[in-house]
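Engineer: Please read through the structure below; I'll follow up with questions.
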Amino acid sequence: MVSDNVPQDVGRAPRSQQRQTVAPPQNLESLGARVLCTIDGKEVRVPVGTTILAAARELGIRIPTLCNHDDLCVAGVCRVCVVEVEGQRTLQAACAYPVTQPTKVWTHTRKVRQARRHIIDLLLADHYGECYACSRNNNCELQSLAKEYGVDFFRFGHPEKPRYEIDRSSHSVVRDMNKCVLCRRCIRTCIDLQEVGVLEAIHRGHDTKVATFLDKPLAQVVCINCGQCINRCPTGALRANDPTDDVWAAIDDPTKHVVMQTAPSPRAAIGECFGQPAGKAFTFELNTALRHCGFDKVFDTNFTADLTIIEEGTELIIRLYKALVQKDKSVALPQFTSCSPGWVKYIEHFYPQYLPNVSSAKSPQQMFGALIKTYYAKLQGIDPKNIVSVALMPCSAKKFECNRPEMCDSGYKDVDYGLTTRELGKMISEAGIDLPAMPKSDFDDVFGTATGSGVIFGATGGVMESALRCVIELVTGKKVENFYEHAEILPVRGFEGVRYVEIPITAVGPVPDLVKHLVPDWNWLKGATLKVGVCHGTANAKKVMEDIKAGGKFSECHFIEFMACPGGCLGGGGQPIPTTPAIRAARAKAIYSEDRAYTVRKSHENPVIQHIYKEFLTDGPCGHVSHKLLHTHYTARGKYIP
Amino acid sequence: MLHTEPERLTQEIRSLGERFGKDRAALIPTLQEIQRRYRGISPLAMQIVADMLDIHPVEVDSVVSFYSFLDAKPKGRYVIRLCRTISCDMQGKERVARQLENDLGITFGQTTADGNFTLEWANCLGMCDQGPALLINEKVYTRVTPEAVHGILEECRQAFGLHALQAEQEHAA
């Protein structure tokens, strides 16, 4: 069902700089002969064009790198990976040297070692700051290189004064250019990987600096706060805006009732902050740890993920009914998801004319915030002004989202603080807790029950899969398991950048109570084909948007899931550093296996959701109350910077 | 038809697109032409160019800030670039520099209040055998002496005066 006819690649990096990967074994014949590469006396035959670095990795030989990143195109600017190549007068950068003929390489001769040491010394000569006062202490690539090469004094000096002011204008990202070593990973992330284009190098030579357009504060440019640059920065030059001091202050204040909601992606990744391998979720250990830290209640964001599915799904049904049955031309289709705050800001800047297509449903974080300060406050008899609502998210854009002025529908700031996985990891360590050793405990029971549908929100395609599980059952009246084994809708899964899936609706059932007030019957959907799209990373979102603009096949879709970060939330900008394609795949595995462990795996079957529609949101999904609390509006920002 | 300034600029830059093409490779010639016409590339112009070439404004900014002959802030009508490299230095560029500063009443890196002259350093104009050398817009002057500076500046002023007079006459006609 997956179509291979995805829009053409519009990446802007010149061909020579595009990501170079070793082709998988089955394609080797088409690439022609392999060439012999001898590294430190060990021989390996690699396809023509393989870099020395990739060949060395195949041999298990470590060459240190700094500017190189598995997600990004080749830059070859830091020179840390220099090696000696027979026949070459000068040292060559292993990351940017393609092997095209039999090549002999030495990776740690005296000349190489000396050059690398000098390069590291030179990087340090321009790197202001003290390691122990840095957010990346002990997780810094420059620091590890200095250690590896035994730097014990500053051969070329060390800056005593900062050169630049720290840019704290953004709610999400803090830029301290004094720590920047000009590796240009953030530039390649912003321009090539995400195609947002906020950061570039300006000026020349020693004056070179990574900057925004006209060196404006980050809050004034088109930054979408995705934080992918933070995740790729080798030093502490880019970091998230850290509110942990405020959260501790709230915990220490006896008058405050501090409530935490945790999202599935950070739970699948936080173990990495405690030395655990990627791909193991610590959901229930985390609950205990959070209570030890002093949080009064711990809830599962999955609950509002389920709620999001109901609201967004209902909105889709309303839109489809209006467009197909009532022939209302003003209805905007396809409907776009609104869970990813990075994507929302992206469309506000770059495609504001398509804002009517974005679902008005809030993201799970903000829905939970609104419910905690209304429904939960009333239920527990707590004054909402004494509730401090904290969200654990894999995301730096969530910090911006919770500070949006329109996100105060409960009468208070719906979510007070957004914490990233890294920041909570730090808080837990600060409390002296060894997370993996914690006993397991469940969520607090007001919103306790969640479904597997909410868990998979963390992976790309997850929102779509949850929505489909729900829609298929509501419309056909049959179990999803009849159509897909284990209710796992595999076509929408995977890491392909853009996916397109068609789902034929062969039979319809009776209209369930939940949406009875909206549509009289399902006959209008009988024989129809539901067309959906999934994409992750804003570069892929751009491809889909351009296709829609050109009237391509995505313009005929009904529902499209957009995620700003590569891999979805599990690859978010607030996740532990490093994040690589392999680590993303491991986290996805953890998320999908957690989904399998749930007994209830469809949002509409969640008993608490059913309860809340009976008790609190009495006029049903997309009704009056839910519109007030669970839906929002967007701002057309445009991309021109005054 | 009445146009707002952004509309007029957009139209003008789009017509440059017809001339130089609309891909990345057209960036430098387009910017050079805007620089020639406006003596600088405004933030708005950068964004219009970026839009037309389907690149990001910050990439245009990056190119403009990289090259000495492209400027974000408009320069004087006559940009005087005096060579400061070793050959010209040995042949007395320092005295020429003082004379220029004296005559114009500005220091290097500044523009005169009337917007006529900008004074800048250049790193080697390739006229090492005929130093001291300076460049005024696209014209090279060699073996410049402090005594010659006054005449050179006067030449510029006259050329501009003539130009202004012509424009005025055209306007009147």
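The values are calculated or read from the model by the stated rules, or taken from the named source; none is laboratory data. For clarity, every value in this text was computed on a predicted model and none was experimentally measured. When we count neighbours, we look across all protein chains shown, and the Cβ atoms used for this are built from the backbone with ideal geometry, even at glycine. The accessibility values were calculated without ligands, DNA or RNA, using every heavy atom of the protein model including side chains. Shrake-Rupley method; radii C 1.70, N 1.55, O 1.52, S 1.80 Å.
Engineer: Within the range A:411-437, track down each residue that is of a type in the set (F, W, Y) and in contact with a Lys or Arg (Cβ under 7 Å, 6 or more places away or on another chain). So that I can check it myself, show each step before the final result.
Structural biologist: Residues of the range A:411-437 that are of a type in the set (F, W, Y), as a first pass: A:412, A:417.
Passing the criteria: only A:Y412.
Engineer: Something else: For the range A:424-454, give me each residue that is open to solvent by less than 30 Å² (accessible area, probe 1.4 Å), small (G, A, S) and assigned to a helix (DSSP H, G or I).
Structural biologist: Passing the criteria: A:G425, A:G452, A:S453, A:G454.
Engineer: For the range A:214-251, how many residues meet the condition of being within 14 Å of chain B (Cβ to nearest Cβ) and in contact with a strand residue (DSSP E or B) (Cβ under 8 Å, 6 or more places away or on another chain)?
Structural biologist: Initial filter on the range A:214-251 (within 14 Å of chain B (Cβ to nearest Cβ)): A:214-218, A:220-224, A:229.
Next cut, in contact with a strand residue (DSSP E or B) (Cβ under 8 Å, 6 or more places away or on another chain) only: A:215, A:217-218, A:223, A:229.
Adding up the residues that qualify gives 5.
Engineer: Can you find a residue that is assigned to a loop (DSSP other than H, G, I, E, B), at pLDDT 85 or above and more than 16 Å from A:A459 (Cα to Cα) anywhere in the range A:494-505?
Structural biologist: There is at least one residue in the range A:494-505 that is assigned to a loop (DSSP other than H, G, I, E, B), at pLDDT 85 or above and more than 16 Å from A:A459 (Cα to Cα).
Engineer: Now, a different point. What's the total number of residues in the range A:137-183 that are among the basic types (K, R), within 25 Å of the chain's Cα centre (by Cα) and open to solvent by 80 Å² or more (accessible area, probe 1.4 Å)? Outline the logic, then answer.
Structural biologist: Of all residues in the range A:137-183, those among the basic types (K, R) come to A:147, A:155, A:161, A:163, A:168, A:175, A:179.
Pick out the ones that are also within 25 Å of the chain's Cα centre (by Cα) and you get A:168, A:175, A:179.
Going one step further and asking which of them are open to solvent by 80 Å² or more (accessible area, probe 1.4 Å), we end up with A:168.
Total satisfying the criteria: 1.
Engineer: Then there is this: If you take the residues in the range A:75-98 that are of a type in the set (A, V, I, L, M) and touching a Leu at 6+ places or on another chain (Cβ under 9 Å), which one is farthest from A:I191 (Cα to Cα)?
Structural biologist: A:V85
Engineer: Consider only pairs whose beta carbons are under 9 Å apart and that are at least six residues apart or on different chains; among these, list those whose first residue lies in the range A:60-79 and is at positive phi and whose second residue is of a type in the set (F, W, Y).
Structural biologist: A:G76/A:Y97
Engineer: Next question. Under the condition of being acidic (D, E) and closer than 30 Å to A:E546 by Cβ, which residue from the range A:474-526 is most open to solvent (accessible area, probe 1.4 Å)?
Structural biologist: So the first thing to find is which residues in the range A:474-526 are acidic (D, E), and the list is A:481, A:485, A:488, A:496, A:502, A:513, A:521.
Still in the list and also closer than 30 Å to A:E546 by Cβ: A:496, A:502.
Numbers: A:E496: 92, A:E502: 69 Å².
Across the range A:474-526, the extreme among qualifying residues is A:E496.
Engineer: Determine whether the range A:126-141 contains at least one residue that is modelled with pLDDT under 95 and over 25 Å from A:S396 (Cβ atoms).
Structural biologist: Yes: one or more hits.
Engineer: Regarding the range B:73-82, can at least one residue be identified that is in contact with a Cys (Cβ under 6 Å, 6 or more places away or on another chain) and aromatic (F, W, Y)?
Structural biologist: Going through the range B:73-82, the residues in contact with a Cys (Cβ under 6 Å, 6 or more places away or on another chain) turn out to be B:78.
Still in the running and aromatic (F, W, Y): B:78.
Checked the range B:73-82: at least one residue is in contact with a Cys (Cβ under 6 Å, 6 or more places away or on another chain) and aromatic (F, W, Y).
Engineer: Being within 26 Å of B:E155 (Cβ to Cβ) and in contact with a Ser or Thr (Cβ under 9 Å, 6 or more places away or on another chain) is true for just one of B:R36, B:R77, B:R19. Which residue is that?
Structural biologist: On the way: B:R36 fails: in contact with a Ser or Thr (Cβ under 9 Å, 6 or more places away or on another chain); B:R19 fails: within 26 Å of B:E155 (Cβ to Cβ).
When all the criteria are applied, what remains is B:R77.
Engineer: So in the range A:595-642, with the set limited to residues that are closer than 30 Å to B:A50 by Cβ and in contact (Cβ under 8 Å) with a residue 12 or more places away in the chain, which one is farthest from the other protein chains (Cβ to nearest Cβ)?
Structural biologist: Filtering the range A:595-642 down to residues closer than 30 Å to B:A50 by Cβ leaves A:633-642.
Subset that is in contact (Cβ under 8 Å) with a residue 12 or more places away in the chain: A:633-639, A:641.
Numbers: A:H633: 27, A:Y634: 22, A:T635: 20, A:A636: 17, A:R637: 14, A:G638: 11, A:K639: 8, A:I641: 7 Å.
Result: A:H633.
Engineer: Among the residues of the range B:23-42, which ones are within 14 Å of another protein chain (Cβ to nearest Cβ) and of a type in the set (K, R)? Full working, then the answer.
Structural biologist: Filtering the range B:23-42 for residues within 14 Å of another protein chain (Cβ to nearest Cβ) gives B:23-25, B:27, B:40-42.
Of everything in the range B:23-42, just one residue is within 14 Å of another protein chain (Cβ to nearest Cβ) and of a type in the set (K, R), namely B:R24.
Engineer: Where in the range B:32-122 are there helices (runs of 4 or more DSSP H), lying wholly inside it, with at least 2 residues that are more than 29 Å from A:C223 (Cα to Cα)? Break it down stepwise before answering.
Structural biologist: Numbers: elements: B:43-53, B:57-66, B:86-90, B:93-104.
Passing ranges, in order: B:86-90, B:93-104.
Engineer: Same structure, new question: Quick one: in the range B:57-115, of everything that is within 14 Å of chain A (Cβ to nearest Cβ), open to solvent by less than 50 Å² (accessible area, probe 1.4 Å) and of a type in the set (S, T, N, Q), which residue is farthest from the chain's Cα centre (by Cα)?
Structural biologist: The selected residue is B:S62.
Engineer: What number of residues within the range A:194-208 satisfy the criterion of being under 28 Å from the mean Cα position of the chain (by Cα) and more than 9 Å from every other protein chain (Cβ to nearest Cβ)?
Structural biologist: 1
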